[in-house]
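The values are calculated or read from the model by the stated rules, or taken from the named source; none is laboratory data. Since the model is a prediction, treat every value here as computed from it, not as a measurement. Cβ atoms come from the backbone with ideal geometry, glycine included; neighbour counts cover every protein chain shown. What goes into the accessible areas is simple: the full protein's heavy atoms, side chains included, and nothing from ligands, DNA or RNA. Shrake-Rupley method; radii C 1.70, N 1.55, O 1.52, S 1.80 Å.
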Amino acid sequence: MNIASLFGRGGATLDASRIDLALRMAKSARHPAPPRPFGRRSFRPNIAGGDRLYFNVRSLGVQGRDHVLQYAFADDRGNVVMSAFVRAAAPGALMLGTPPGDLVTEPLDEARFDDIAARICAGATLVAYQRVLQGGLLPQGAAGSAASIDCAWRRFQQTARRLGLAAPARSPVTLQDALALARLPPLESEDAALRALSIRTLWRWMDEAD
């Protein structure tokens, strides 16, 4: 085919930009982009302003011989990146624990969740309230792929002393206590996603206080 026919009558003077556009369109038609499988997506969140993920792990008790946990991760933008119920092997000490209530969804298998969490946490700085306790509940994949784990509880202790805030006599200071001392909205439930978002709010308050 005469390429001139694409732009009008033959013999007309062709504009170089039009010729370039036609050649690129012909190339794209010969080499179409590979189809993307339906439903496939990256589990790594796009975090603006940093690579920090705030997380909380909540125990929902024992179901059969499994310990049911809720894991939740929130990013710096205030998005809940993931909230999931996970079925993990229960240590012997938990065998007599309280069974969890009715769950809307079937908990994920521990191995499957470990793979997802490892991709979510890859290269991120995780922030928990009480790092040792909460970090110890993370699956190996998530803990191993994260850059580090920061402790909001320890940082709040330092910030409260510096600002002269009167912490409760009991120890340790709970997340609810910390929010009250910082005059931030209280927790409305024990849901792990809400707790992760509250940890983010507390951390950002400490950023401003510092």
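Here are some notes:
- When Phe113 is tested against (1) open to solvent by 20 Å² or more (accessible area, probe 1.4 Å); (2) modelled with pLDDT of 90 or more; (3) within 17 Å of the chain's Cα centre (by Cα), exactly one condition is not met: (1).
- Residue check for Ala196: farther than 20 Å from Asp66 by Cα, part of a helix (DSSP H, G or I), at pLDDT 95 or above and open to solvent by less than 50 Å² (accessible area, probe 1.4 Å): yes
- Scanning segment 84-110 for residues that are modelled with pLDDT under 90, small (Gly, Ala, Ser) and under 14 Å from Val57 (Cβ atoms) turns up just one, Ala88.
- Taken over segment 22-55, the criterion of being farther than 13 Å from Ala193 by Cα, at pLDDT 50 or above and touching a Leu at 6+ places or on another chain (Cβ under 9 Å) is satisfied by Ala22, Arg52.
- Pairs linking a residue in segment 147-169 that is over 16 Å from Glu208 (Cα atoms) to a residue that is surrounded by 15 or more Cβ atoms within 10 Å (Cβ to Cβ) and among the aromatic types (Phe, Trp, Tyr), with Cβ atoms under 8 Å and 6 or more positions apart or on different chains, are Cys151/Tyr129; Trp153/Tyr129.
- Within segment 160-179, tally of residues that are more than 25 Å from the chain's Cα centre (by Cα) and part of a helix (DSSP H, G or I): 4
- Some residue of segment 65-83 being modelled with pLDDT of 90 or more, among the polar types (S, T, N, Q) and part of a loop (DSSP other than H, G, I, E, B): yes
- Residue in segment 62-79 that is farthest from Arg204 (Cα to Cα), counting only those that are open to solvent by less than 20 Å² (accessible area, probe 1.4 Å) and either free of Cβ contacts under 8 Å to residues at least 12 places away in the same chain or among the charged types (D, E, K, R) (or both): Asp75
- Breaking point among (1) under 21 Å from Asn79 (Cα atoms); (2) surrounded by fewer than 13 Cβ atoms within 10 Å (Cβ to Cβ), for Gln158: (1)
- Taking segment 103-159 as the region of interest, the helices (runs of 4 or more DSSP H) fully inside it that hold 3 or more residues being of a type outside the set (Lys, Arg) and in contact with a helix residue (DSSP H, G or I) (Cβ under 9 Å, 6 or more places away or on another chain) are 110-121, 140-145.
- Any chance Arg58 is within 30 Å of Arg155 (Cα to Cα), modelled with pLDDT of 90 or more and open to solvent by 30 Å² or more (accessible area, probe 1.4 Å): yes
- When Pro186 is tested against the conditions (1) in a helix (DSSP H, G or I); (2) at pLDDT 95 or above, the lone failure is (1).
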